[in-house]
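Visitor: This structure is in structure tokens; I'll ask about it shortly.
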Amino acid sequence: MKRITADQLNPRHPRSISMRKELSYQNKKIAYQNIGHGKPVILVHGFGEDESIWRNQIEALKNSYRLIIPDLPGSGKSEIINDMSMEGMAEVIHEIIHTENIESCPVIGHSMGGYITLALAEEYPNHISAFGLFHSTAYADSEEKKITRCKGIEFIEKHGAAEFLKTTLPNLFSQKTKDERPELIDEQLAGLDNFSSLALVSYYKAMMQRPDRTFLLRETTVPVLFIIGEHDNAVPVKDALEQCHLPEKSYIHILRQSAHMGMLEETERSNTALENFLSDIIFTAPA
């Protein structure tokens, strides 16, 4: 199902159309945006987010690319599916690719969205012309990280999803952002009431169970983008830099003022990194 209204047309670019669309996947509703015009690019959000996390990137990219931006199962307007593993959610992205008649395109994933992107690239390399890890990693969870997630699950089950996100989300921003731009955190916190405890617990369990996929970085022949936050505690710079040399062709950008939310903390630099990557891989690709 799809809906379009007159105010979703961009008057400067008549072919640029924004549509909120839905598909049925295993009898569950999956919602996504189809916005802009040009070659398709898929943007995949992370844990505790929905498609709106990419709002600043939409404004920068929609006049050059057709952006496909899903609400992952259990986020935003999308329903939880039976298989909430990284591989199961990658199948949802694959279904969107087929629904939109996309042969192959770049896929950029933020945080957990990067884990899903890697699962998609492993299973369906023919559909992936390039991919990006935006504050994300190909490493599996360490034992220490798994213990932290288990404690998080206990907190969610006791206090609920919204309270958990209110407690943890500020830690994803750099101290500079907290001190100088607290409104960014407040804005993100304002949309936290649409997550269920079941969804967040499912995400945490899926992240704990995901395999190490550094082999994929070594074996892939497509370009890979790494956007790294210098103050990111969730995906430390050291871990990210260890992986950058693995692909045949890497694009590496370090955001010096960001932690885990560079698309909000350093919007212009993030957008420039994305624009340069996409323009290079798309406009230099063989016809």
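Read the figures in this text as sums done on the coordinates, not as results from a lab. Please read all numbers here as calculations on a predicted model, not as lab measurements. Quick reminder, even Gly has a Cβ in these numbers, built from the backbone with ideal geometry, and neighbours come from all protein chains shown.
Visitor: Would you mind computing Rg(Cα) / (2.2 N^0.38 Å) for the stretch 108-223, counting N as its residues?
Guide: Values: Rg = 16.2 Å, N = 116, 2.2 N^0.38 = 13.4 Å.
My calculation over the Cα atoms of the stretch 108-223 gives 1.21.
Visitor: Once the Cβ-Cβ distance between residue 184 and residue 219 is put in as r, and R0 is 41 Å, what FRET efficiency do you end up with, to the nearest 0.05?
Guide: Numbers: r = 37 Å, r/R0 = 0.91.
The value I calculate is 0.65.
Visitor: Report, in order of residue number, the helices in the chain meeting two criteria: a C-alpha extent of 27 Å or more along the helix axis, and a mean Kyte-Doolittle hydropathy of at least 1.6; treat each whole DSSP H run as one helix.
Guide: Membrane-span-like by this rule: not one helix.
Visitor: Just order 156-166, 182-192 by mean Cβ neighbour count inside 10 Å, highest at the front, would you? All intermediate terms of the calculation are to be shown ahead of the outcome.
Guide: Values: 156-166: 16.7, 182-192: 13.6.
Descending mean neighbour count gives 156-166, 182-192.
Visitor: Under 17 Å Cα-Cα from residue 166, which lysines qualify once same-chain neighbours fewer than 8 residues away are excluded?
Guide: Candidates past the 8-residue exclusion: 151, 158, 178.
Visitor: Using amide H atoms built 1.01 Å from N in the peptide plane, name the residues 5+ places from residue 39, or on other chains, whose amide H lies under 5 Å from its own.
Guide: Here the answer is 66, since their amide H atoms fall under 5 Å of that of residue 39.
Visitor: Then there is this: Using 0.36 nm per residue of separation minus the Cα-Cα distance, give me the extension gain between residue 194 and residue 268 in nm, one decimal.
Guide: Details: separation 74, 0.36 × 74 = 26.64 nm, distance 2.82 nm.
In short, 23.8 nm is gained.
Visitor: In percent, what relative contact order does the stretch 168-287 have, based on Cα pairs under 8 Å that are 6 or more apart in sequence? Don't jump to the answer; show the numbers that get you there.
Guide: Working: 127 pairs, mean separation 33.5, N = 120.
In percent, rounded to a whole number, it is 28.
Visitor: A further question on this structure: Set the Förster distance to 51 Å, then compute FRET efficiency between residue 171 and residue 99 from the Cβ-Cβ distance, nearest 0.05. Each step should come with its number before you reach the end.
Guide: Values: r = 36 Å, r/R0 = 0.71.
Efficiency at R0 = 51 Å is approximately 0.90.
Visitor: Decide, for the stretch 193-274, between rounded, prolate and oblate: order the square roots of the alpha carbon gyration tensor eigenvalues as a ≥ b ≥ c, take rounded if a/c falls under 1.5, and otherwise choose prolate if a/b is larger than b/c, else oblate.
Guide: Working: a/c = 2.05, a/b = 1.19, b/c = 1.73.
The shape class here is oblate.
Visitor: What percent antiparallel are the DSSP beta bridges of the chain, to the nearest 5? Show your work: numbers first, answer last.
Guide: On the way: 17 of 40 bridges.
That works out to approximately 45 percent antiparallel.
Visitor: Hey, fewest Cβ within 10 Å first, where do 32, 139 land in order?
Guide: Values: 32 28, 139 18.
Exposure proxy ranking, most exposed first: 139, 32.
Visitor: Near residue 145, which aspartates and glutamates are there with a Cα under 13 Å away, not counting those fewer than 8 places off in the same chain?
Guide: Output for residue 145: empty list, no partners.
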